[in-house]
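Written out below as structure tokens is the structure these notes cover.
Rule-based calculations on the coordinates, nothing more; no lab input. All figures in this text were calculated on a predicted structure; none of them were measured in a lab. Backbone-built Cβ (ideal geometry, glycine too); neighbour counts: all protein chains shown.
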Amino acid sequence: MCQIEISRSLAARVGTHEAHVAVRDGDTVQDVIERLSAEYGTQVQTGMLDGERLRSDVIAVRNPDADHEPVTAASPLTPGDTLEFHLTSEHDKVTHA
């Protein structure tokens, strides 16, 4: 499983702020977003992806409490990862909180 955390501002756009998604080896951030979209509605995918890329105003971070590693839609994931999504306008609040 992958724990997903979505900032309040982005959650208003996509309709959820927290979820758990099954992840298999080789899955990407895009795969996780597509699974979220299947569960919560198409607004998730349109609110977070621009084609096969993250929208220009969306930032994704893997394991924010430990590594705080920025990732792209094509980044591979492993079971147990945590993903945090937020808008670029919230970046300073999230990274300096």
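Data for the structure
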read-out: Most mobile listed residue (GLY26, GLY47, GLY15) in the chain, GNM with C-alpha springs under 10 Å; value: GLY26
read-out: Dipole magnitude of the chain, debye to nearest 20 (Cβ charges: Lys/Arg +1, Asp/Glu -1, about Cα centre); value: 260 debye
read-out: Residue with peak Gaussian network fluctuation, the chain [Cα springs, cutoff 10 Å], from ASP31, ASP57, ASP65; value: ASP65
read-out: Relative contact order for the chain, counting Cα pairs under 8 Å that sit 6 or more residues apart, in percent; value: 35 percent
read-out: 5 angstrom amide H check on CYS2, placed H, neighbours 5+ away; value: VAL21, ALA22, VAL23, GLY80
read-out: Loop trypsin sites (Lys or Arg not before Pro), the chain (other Cβ atoms within 10 Å of the site Cβ: 12 or fewer; DSSP); value: ARG24
read-out: HIS17 paired with ASP67, simple spin-label distance in nm, labels 7 Å along Cα-to-beta-carbon; value: 2.7 nm
read-out: Label selected from (1) 43; (2) 65; (3) 48, the criterion being percent of Cα pairs over 17 Å apart as computed here; value: (1)
read-out: Theoretical ellipticity at 222 nm over the chain - DSSP helices of four or more residues, -39500 (n - 2.57) apiece, nearest 500; value: -8500 deg cm²/dmol
read-out: Sequence-distant residues sharing a close amide H with SER75 (under 5 Å, placed H); value: VAL29, GLN30
read-out: Phi to ³J(HN,Hα) by Karplus 6.51 cos²θ - 1.76 cosθ + 1.60 over segment 52-64, Hz, x for Gly, Pro; value: 9, 10, 5, 4, 5, 9, 10, 10, 10, 10, 8, 6, x
